[in-house]
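Quick notes on the structure that follows.
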Amino acid sequence: MSWTEIVLEVARDQAERLSDALIESGALSVSVEDADEGTDAERPLFGEPGMEPEQHAWERSRVVALADAGSDLAALVGQACALCDLHPSPSFTSRSVADQDWVRLTQSQFEPIHIGERIWVVPSWHQAPDTEAIVLELDPGLAFGTGSHPTTRLCMEWMEANLGGPNTASGSLMGPLTERVSLLDYGCGSGILAMLGDKLGAHPVDGVDIDPQAIVSARDNSVRNDCDISYFLPEAFAAERKDVRYALVVANILSGPLKVMAPMLCGRIAPGGRLLLSGVLARQADEVIAAYASVLKLSVWNEREGWIALAGQLD
């Protein structure tokens, strides 16, 4: 079986109602893309928390509808435009979509990822190439954190180099944490950093995220990886872990929220404990360091593809 994609470009305020009308007129699915992607006119759809655009929509949107091959595309588009009062009907192009094994195609795009010396992030349809590895089984999903992004890799490399145990790697600036430590992963996403902490011997391990779907995903991933981790939304965390301090606090978010949350994150570090931050561009390092300077001294641990990891220790 094959299909046909219908491609239309419309203004920001027309994309949503045209998408609904296309489905009502017989389209099998509809997606919306940034028509300016890759050009000088491209603008971010989402900013950092507290800096979001007023409207979460692109200035010019590309609406892509999937229809059965052989469908009367002009009639489908005409009916949809009539339903949403879009006059005149915008011009459209079409392209054929061949039948494929979509599951196999999707899986082929995600291979095991080797991080640091011994860490492998492995989708469930693969096996870890190294039987002596620290393996995290993790499928791509809705929550951030599969090990492919430079900020995630930086955090994982720091954790491998600094968390204790006989296999602790060299390269620690402050000396490895040689005893079993408590760990907080704030902004846990898929739970990848919390799970790595568990596998490196941290206990107890807690994870926090503002997204309920991330909490569901992280819990499922932790069960799959046989990790003992508690996950919370921020309100529940504040209530249930009110006075808890951690030997290691990790936050891989963005520079804006990291600066805003400095007092809260510092307040969660136990005396002598460590703080690891990422999600920070190299050009943002000084302002993030300054936000924490009254409590502890942060320094750049490493840089990858323009992103950095900052680490420091509480006196």
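The values are calculated or read from the model by the stated rules, or taken from the named source; none is laboratory data. Owing to the predicted nature of the structure, the values given are computational and were not obtained by experimental measurement. Neighbour counts are summed over all protein chains in view; Cβ atoms, including those assigned to glycine, are modelled from backbone coordinates with ideal geometry. Heavy atoms of the whole protein, side chains included, go into the accessibility calculation; ligands, DNA and RNA do not. Shrake-Rupley method; radii C 1.70, N 1.55, O 1.52, S 1.80 Å.
Taking only the C-alpha atoms, wrap a convex hull around region 266-315 and report its volume per residue in Å³ as a whole number.
62
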Please give the per residue accessible area of region 224-315, computed with a probe of 1.4 Å over protein heavy atoms only, in Å².
47
Stokes-Einstein D for region 174-315, Kirkwood Rh over Cα pairs, 25 °C, 0.890 mPa s (µm²/s):
162
Would you tally the net charge around LYS199, using a Cβ to Cβ cut-off of less than 12 Å, leaving LYS199 out, and scoring K and R as +1, D and E as -1?
-4
Whole-percent carbon and sulfur share, accessible surface of region 254-309, 1.4 Å
55
Exposure ranking of ILE210, ILE119, ILE253 by accessible area [1.4 Å probe, largest first]
ILE210, ILE253, ILE119
Which of the peptides 229-235, 239-245, 300-306 is most tightly packed, and how do the rest follow, going by the mean number of other Cβ atoms within 10 Å of each residue?
229-235, 300-306, 239-245
